[in-house]
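Novice: The structure follows.
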Amino acid sequence: MTACRVCAGPLRELADFGRQPLAQAFVRPEDLATEFFYRLVVGRCADCALVQLMHEIPPDKMVHEGYPYHPTNSTVMHKHFQDTAARWLETTLTGPDPFVVEIGCNDGVVLHTLGEAGVRHLAVDPSGITGVQVHEAFFNAVSAAEIRAEHGPADIVYAANTVCAQPDVASIFAGLEVLLAPHGLFVFEDPYLGEVLARTGFDQIYDEHFYYFTAQSVQAMANRFGMRLVDVERIPVHGGQIRYSVARRDSRLPAPAVDELLAGEESAGFADDTTFARFVSKVDATRDALLNLLTDLRGKGHSIVGYGATAKSATTANYFGIGPDLVPFVCDSTPSKQGTLTPGMHIPVRPPAEFADPYPDYALLFAWNHADEIMAKEKAFRDAGGKWILYVPEVRIV
Ligand code: DWN
Ligand code: ZN
């Protein structure tokens with residue numbers, strides 16, 4: 001695909017991460033023959049500056065059984081979602097009988113917390129989820145009309161790590177046009193291209209992240225669909241995200257934070273090709289440094305285990321070429337990942353209990369975004385002389 005998925009403007013290639021598997025297609029040994037691969041290439045729209053993948057994965061390939069992501073396995077993420085709900089209860093949801101809809105509701109913590117406070121809420125999620133009320137569908141004009149007919153307009157439509165994954169973003173905005181109350185807010189949070197560039201967070205780039213937003217590109221996208229970007233907030237989770245608030249065009253004035261972020265993006269040169277070219281050279285320097293380190297340690301007889309079979313680590317392992325020869329297995333707390341092989345490079349995934357059985361000399365922290373939480377949980381590893389290897393923003397041993 002060479003045209004922008006939002007405005008049909010021309011796409012210019014920025015980076016090519018080669019042949020990749022789907023980042024969460026953990027595979028059983030007997031299914032290796034059917035593994036799907038695609039080419040991971042990132043481009044930028046010359047018209048609206050939106051950075052996006054240049055090849056769209058066929059939707060039937062994206063849906064795989066037992067989707068293994070459970071965000072609230074992390075206590076930090078659980079608190080993040082609880083705090084989100086608590087803040088809205090104090091600020092945005094102070095009118096009579098508010099109604100909140102979440103698109104693709106993760107583990108449902110936001111809605112569950114709102115529900116406990118008596119707020120009407122609904123998840124719109126094709127996979128369904130227990131514990132909160134669900135409308136089992138994709139969010140679009142049709143499902144939005146059904147929801148509006150039954151529940152009335154929504155004061156907040158929320159989406160975490162969902163909009164960036166949906167190439168057909170026009171269908172989301174069509175749903176908002178139907179469902180959002182006149183002064184309602186569409187609030188969504190996704191990885192921030194600025195953090196990807198600033199931290200050399202290349203491993204945020206994989207199939208599920210189709211778009212890499214900035215305030216500039218979200219503003220253009222909102223305008224295109226008759227809405228307006230009215231607020232932005234940096235949030236520290238998942239390696240640095242932005243929470244964007246979008247409203248109907250004439251319903252609210254933008255907060256000063258919008259212009260501040262836009263100015264910062266301009267001066268950081270996010271829309272310049274040279275900025276991305278520098279990023280790509282840094283990624284390649286990280287690859288060389290990490291491969292040298294792992295090869296050197298293994299050559300000296302040290303043991304290394306991976307920690308966190310993240311979606312992100314698919315890009316790291318497959319682009320860098322890290323397989324079981326360098327990292328014999330990876331520990332992960334997600335039961336459905338255990339007993340599988342990581343996509344593409346086929347590193348076995350094992351339960352965290354095996355981490356201490358016995359401790360390795362080094363642990364390669366694929367889940368670097370949860371470093372504080374995991375290092376605290378695994379304090380005994382360090383006490384026993386173990387060392388962590390990190391590679392974002394650069395390769396280091398701690
Ligand atoms: O955008 C996305 C983000 C939000 O979540 C999705 N497209 C997919 C997914 O990406 P990820 O897999 O890179 O997310 P995490 O949260 O970095 O994954 C952490 C992994 O590490 C999980 O598999 C769980 C595991 N883990 C663990 O074994 N012990 C996590 C913690 C906190 C732990 O203590
Ligand atoms: Zn565009």
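Novice: How large is the Kirkwood hydrodynamic radius of the range 28-159, counting all unique pairs of alpha carbons, in Å? Display every interim value, and only then the final one.
Specialist: Numbers: mean 1/r = 0.0576 Å⁻¹.
17.4 Å is the Kirkwood radius here.
Novice: Using only Cα atoms, tell me the angle between helix 256-268 and the longest principal axis of the chain; keep it within 0 to 90° and round to the nearest 10.
Specialist: Helix 256-268 sits roughly 40 degrees off the main axis of the chain.
Novice: Under 5 Å between amide H atoms, partner at least 5 residues away or on a different chain: which partners does L185 have, H built in plane at 1.01 Å?
Specialist: Correct list: I156, V157.
Novice: Return the tail of the calculated pair distribution for the range 152-197, meaning the percent of Cα-Cα pairs more than 17 Å apart.
Specialist: In whole percent, the share of Cα-Cα pairs in the range 152-197 beyond 17 Å is 39.
Novice: To continue, here is another question. So, how do all the Cα-to-Cα distances of the range 359-398 break down into 10 Å bins, in percent, from 0 on up?
Specialist: So the P(r) values, bin by bin, are 31, 60, 9.
Novice: Next question, about the same structure. Could you tell me what percent of the DSSP beta bridges with both partners in the range 1-123 are antiparallel, to the nearest 5?
Specialist: Once the DSSP bridges in the range 1-123 are tallied, antiparallel ones form about 75 percent.
Novice: Could I ask something else about it? Between A198 and E373, what FRET efficiency comes out of the Förster formula 1/(1 + (r/R0)^6) with R0 = 30 Å and r the beta carbon distance, rounded to 0.05? Provide the component values of the computation, followed by the final result.
Specialist: Numbers: r = 22 Å, r/R0 = 0.73.
Efficiency at R0 = 30 Å is approximately 0.85.
Novice: Let me ask something else. Is the range 313-398 best put as rounded, prolate or oblate by its Cα gyration tensor, with a ≥ b ≥ c the root eigenvalues, rounded for a/c under 1.5, and otherwise prolate when a/b is larger than b/c, oblate when not?
Specialist: On the way: a/c = 1.63, a/b = 1.20, b/c = 1.36.
It is oblate, given that a/c is not under 1.5 and a/b is not larger than b/c.
Novice: Here's a follow-up. Based on other C-beta atoms within 10 Å, arrange S336, S313 from fewest to most.
Specialist: Numbers: S336 15, S313 29.
With the fewest neighbours first, S336, S313 line up as S336, S313.
Novice: Testing the spin-label approximation: label points 7 Å from Cα along Cα→Cβ at Q82 and V280. State their distance in nm.
Specialist: Result for the modelled spin labels: 4.5 nm.
Novice: Counting other beta carbons within 10 Å of each Cβ, put H302, H135 in order, fewest first.
Specialist: Ranked by crowding around the Cβ, least crowded first: H302, H135.
Novice: Follow-up. With θ taken as phi - 60° and the coefficients 6.51, -1.76 and 1.60, list the Karplus ³J(HN,Hα) couplings across the range 272-278 in order, rounded to whole Hz; mark glycine and proline as x.
Specialist: 8, 4, 5, 4, 6, 5, 5
Novice: Evaluate the distance, in nm, between pseudo-label points positioned 7 Å from the Cα of K387 and of R298 along their respective Cα→Cβ axes.
Specialist: Reported label-point gap for K387 and R298 is 1.8 nm.
Novice: Just to be sure I understand the model, the point goes 7 Å from the Cα along the line to the Cβ. What's the resulting R28 to E90 distance in nm?
Specialist: Output for this residue pair reads 4.8 nm.
Novice: Here's a follow-up. 222 nm [θ] for the chain, helices only, -39500 (n - 2.57) per DSSP H run of 4+, per residue, to 500?
Specialist: -9500 deg cm²/dmol
Novice: Can I ask one more? Magnitude of the Cβ-charge dipole of the chain, K/R +1 and D/E -1, about the Cα centre, nearest 20 debye?
Specialist: Dipole about the Cα centre, nearest 20: 540 debye.
Novice: On to the next question. What number, in nm² with one decimal, is the all-direction average of the projected area of the convex hull of the alpha-carbon atoms of the range 316-358? It would help to have the intermediate numbers written out before the result.
Specialist: Working: hull surface 12.3 nm².
Value for the range 316-358: 3.1 nm².
Novice: Looking at the calculated P(r) for the range 90-134, what percent of the C-alpha pair distances fall above 14 Å?
Specialist: So the pairs more than 14 Å apart make up 41 percent of the total in the range 90-134.
Novice: Could you calculate the contour length gain from Y38 to D168, that is, 0.36 nm times the residue separation minus the distance between their Cα atoms, to one decimal place in nm?
Specialist: Numbers: separation 130, 0.36 × 130 = 46.80 nm, distance 1.90 nm.
Gain on stretching Y38 to D168: 44.9 nm.
Novice: Shifting gears a bit: Pulled fully out, how much extra length does the chain show between D259 and D60, if you take 0.36 nm times their separation in residues and subtract their Cα-Cα distance?
Specialist: 67.7 nm
Novice: HN-Hα J couplings of the range 43-52 from phi, Karplus 6.51/-1.76/1.60, θ = phi - 60°, integer Hz, Gly and Pro as x?
Specialist: Each residue's phi maps through the Karplus curve to give x, 10, 6, 5, 8, 10, 6, 6, 7, 7 Hz.
Novice: Okay, next question. Give me the base-10 log of I(q)/I(0) for the range 175-293 at each q in 0.14, 0.21 Å⁻¹, Debye formula, one uniform scatterer per Cα, rounded to two decimals.
Specialist: With one equal scatterer per Cα and no solvent, log10 I(q)/I(0) is -0.65, -1.20.
Novice: Something else now. Across bins of 10 angstrom width beginning at 0, how are the C-alpha pair distances of the chain distributed, in whole percent?
Specialist: All Cα pairs, binned at 10 Å, distribute as 5, 22, 32, 26, 13, 3, 0 percent.
Novice: I want the antiparallel fraction of DSSP beta bridges within the chain, as a percent rounded to 5.
Specialist: 55 percent
Each value in this text was obtained by applying a stated rule to the coordinates, not by laboratory testing. Values in this document were obtained by computation on a predicted structure and should not be read as measured data. Positions of Cβ are generated from backbone atoms using ideal geometry, with glycine treated the same way; all protein chains shown enter the neighbour counts.
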